[in-house]
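So the structure is just underneath, and the comments pick up after that.
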Amino acid sequence: CHQVTLYAQAPEPNYDETKIPPYTLPDPLVTQSGKRITTARQWESQRPVLLKQFATQVYGVTPERRLAARYEVKSVDSSALGGTAIRKQISIIWTEYPNLPSLDILLFVPKSVKKPPVFVGFNYMGNHSISTEPGIALSTRWLPNRPDGKVINNRATEAARGVQQSRWPLELIISKGYSVATAYYGDLEPDHPEGWKTGIRSVLGPPTAQKSDDWQAIGVWAWGMSRMLDYLETDGLVDARRAIALGHSRQGKAALWAGAQDTRFAAVIANESGEGGAALSKRVFGETILRLNTSFPHWFCPQYQTYNNRPEALPFDQHQLLALIAPRPLYVASAQGDQWADPKGEFMSARQTDPVYKLYGKKGIGTNDWPPVHTPVGETVRYHIRAGEHDVKRYDWEQFLDFADRQVKK
Ligand code: GTR
């Protein structure tokens, strides 16, 4: 079929630094009309222009219409995680559309802290996958099958509890005085090309309009992070003004887009977000726009496909998405075993935001030298590369928590 042909035509992924075609990155402090930006205020008047570019060229336009929602608290357990945390399950119910799946939030709050900051991020395999606590509802939604049989016929089995708990070191997070709000990203749109038919896009900006800037799945997930934040603003247990958007890989892309659009997020963490996330598109290394759009035709807006095989034609690059987080704290993390995501391109992109943070008197990455593994660099913008594969590990969380202590907790 069409997709397979496209993929077969894609050049072999490049992993050779010497084979990266020369490219020029747009200066984040120069406007499209060539004016130099020298103040934070000028930068802020430039922000909407850039946001619009990312909407029309990459992620699609987020619909403005608000979906009416009702919050239903499903359970509260004040002796979770060995008595250290309150565990709450809340469903966001889309009241105008009773057939739409609810967005089911799982919230852990440390008992030792009043109104703690909160990490907000989607999980990949259902709320039950992040912990083995039996009180967590087993997701009944479509899930990708697992070779170990823990998800069969696209449904979770009891054996799927805790399958991704290593990505969510809850005891560590709680002991450091942070809360966590997560939900299964498939509640909003199951992650496959037909997923939109049972998700938010079936009622909000459906792709049937066939517009080049239609929003797609990454846009939906980013939108969903803001809807979680809407709820958290109503929950007195946490401090929603210190909400940290966090995402790994495709959810790292979504977290960046959420943080760029929704300045209520106090900080953003993008773990191994790669192409279409933190990595520079014009730097041809690992995954490319063509590969991304071929494997995941439902993630980005149709217009993005016009840059397949010609990233040089993009009027901007992903460092400008990162700059849209300024002056808020931003963490970009890579893994050595995840060359597909172009760790060096993620670093260079983060580094490129320094002049924008400087307008606010903030220090960003502060060095051109890509650091060795396990050597985080930067202040308000921080970066590390970890040894090991594409994943979220305890090491990553340790760095995120230290960063949050310095930049968000205060
Ligand atoms: C890969 C994709 C990456 C990244 C990753 C993930 O297959 O090529 O862009 O999103 O999946 O989400 O784990």
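Could you pull out every residue, at least 5 positions away or on a different chain, whose amide H is within less than 5 Å of the one on SER273? Hs are placed 1.01 Å off N in the peptide plane, and Pro or chain starts have none.
Long-range HN contacts for SER273: SER249, ALA278, ALA333.
Treat every Asp and Glu Cβ in segment 257-410 as -1 and every Lys and Arg Cβ as +1, leave all other atoms uncharged, and give the resulting dipole magnitude about the Cα centre to the nearest 20 debye.
Charge dipole, segment 257-410, about its Cα centre: 500 debye, nearest 20.
Normalising by the residue count of the chain, find the relative contact order in percent from Cα pairs under 8 Å and 6+ residues apart.
Relative CO of the chain lands at 17 percent.
When the accessible area of segment 99-158 is split by element with a 1.4 Å probe, what percent falls to carbon and sulfur?
Percent of accessible area from carbon and sulfur atoms in segment 99-158: 54.
More than 12 Å apart: what percent of Cα pairs in segment 79-136 qualify?
Summing the P(r) tail past 12 Å for segment 79-136 gives 73 percent.
With the dipole of the chain worked out from charges on the C-beta (+1 for Lys and Arg, -1 for Asp and Glu) around the Cα centre, which of LEU67, PHE54, ASN14 lies farthest toward the positive end?
Of the options given, the answer is LEU67.
Out of the DSSP beta bridges found with both residues in the chain, what percent are antiparallel (nearest 5)?
On the way: 25 of 50 bridges.
The answer is about 50 percent antiparallel.
Roughly how many debye, to the nearest 20, is the charge dipole of the chain about its Cα centre, given +1 on each Lys and Arg Cβ, -1 on each Asp and Glu Cβ, and no other charges?
Roughly 1040 debye, rounded to the nearest 20.
Just the number, please: carbon plus sulfur as a percent of the accessible area of segment 331-372, 1.4 Å probe, no ligands or DNA/RNA counted. Numbers along the way, then the final one.
Values: 810 of 1660 Å².
The computed percentage sits at 49.
Which value at 222 nm does the chain reach when only helices count, each DSSP H run of 4 or more adding -39,500 (n - 2.57), with the total divided by all residues and rounded to the nearest 500 deg cm²/dmol?
Taken over the chain, the calculation gives -6500 deg cm²/dmol.
Find the all-direction average of the projected area of the Cα convex hull for segment 295-410, expressing the result in square nanometres with one decimal place.
Taking the Cα atoms of segment 295-410, their convex hull projects to 8.5 nm² on average.
Over what distance in Å are the Cα centres of segment 140-183 and segment 68-102 separated?
Between the Cα centres of segment 140-183 and segment 68-102 lies a distance of 16 Å.
Per the Kirkwood formula on distinct C-alpha pairs, the Rh of segment 106-238 is how many angstrom?
Hydrodynamic radius (Kirkwood, Cα only) of segment 106-238 equals 16.1 Å.
As an exercise, take the mean of 1/r over every pair of distinct alpha carbons in segment 1-118, invert it, and state the Kirkwood radius in angstroms.
It works out to 20.7 Å.
Using only the heavy atoms of the protein chains and a 1.4 Å probe, how would SER334, SER139 rank by accessible area, largest first?
Sorted by accessible area, descending: SER139, SER334.
Over the Cα atoms of the chain, what is the Rg over Rh ratio if Rh follows Kirkwood?
0.94
Work from the charge dipole of the chain (Cβ charges, +1 for Lys and Arg, -1 for Asp and Glu, about the Cα centre) and give the residue of SER334, VAL30, SER139 farthest towards its positive end.
Ranked along the dipole, the leading option is VAL30.
At 1.4 Å probe size, with every protein chain present, just tell me what the per residue accessible area of segment 58-105 comes to in Å².
Per residue, segment 58-105 has 50 Å² of solvent-accessible surface.
Too long at a 27 Å Cα-Cα cut-off: which of LYS197/LYS253; LYS176/LYS358; LYS111/LYS393; LYS88/LYS393?
On the way: LYS197/LYS253 22 Å; LYS176/LYS358 30 Å; LYS111/LYS393 25 Å; LYS88/LYS393 24 Å.
Long pairs (Cα-Cα over 27 Å): LYS176/LYS358.
Name the residue farthest towards the positive end of the dipole of segment 274-398 from the options CYS301, THR375, PRO315, assuming +1 on Cβ of Lys and Arg, -1 on Cβ of Asp and Glu, about the Cα centre.
Of the listed residues, the answer is PRO315.
Using Cα positions and a limit of under 20 Å, work out the aspartates and glutamates in reach of LYS35, with same-chain residues fewer than 8 apart set aside.
ASP27, GLU44, ASP317, ASP354
How much accessible area does LEU51 have with a 1.4 Å probe, in Å² rounded to the nearest 10?
40
Give me the percent of the accessible area of segment 162-286 that comes from carbon and sulfur atoms, probe 1.4 Å, all protein chains in place.
Looking at segment 162-286 in its full context, I get 49 percent from C and S.
Using protein chains only and a probe of 1.4 angstrom, how many square angstrom of GLU312 are accessible, to the nearest 10?
So the heavy atoms of GLU312 present about 130 Å² to solvent.
Quick check on segment 324-387: what does the Kirkwood estimate of hydrodynamic radius come out to from the alpha carbon pairs, in Å?
11.6
The values are calculated or read from the model by the stated rules, or taken from the named source; none is laboratory data. From a predicted model like this one, the values you see are computed outputs, not experimental measurements. Positions of Cβ are generated from backbone atoms using ideal geometry, with glycine treated the same way; all protein chains shown enter the neighbour counts. Side chains included, ligands, DNA and RNA excluded: accessible areas come from the protein's heavy atoms. Shrake-Rupley method; radii C 1.70, N 1.55, O 1.52, S 1.80 Å.
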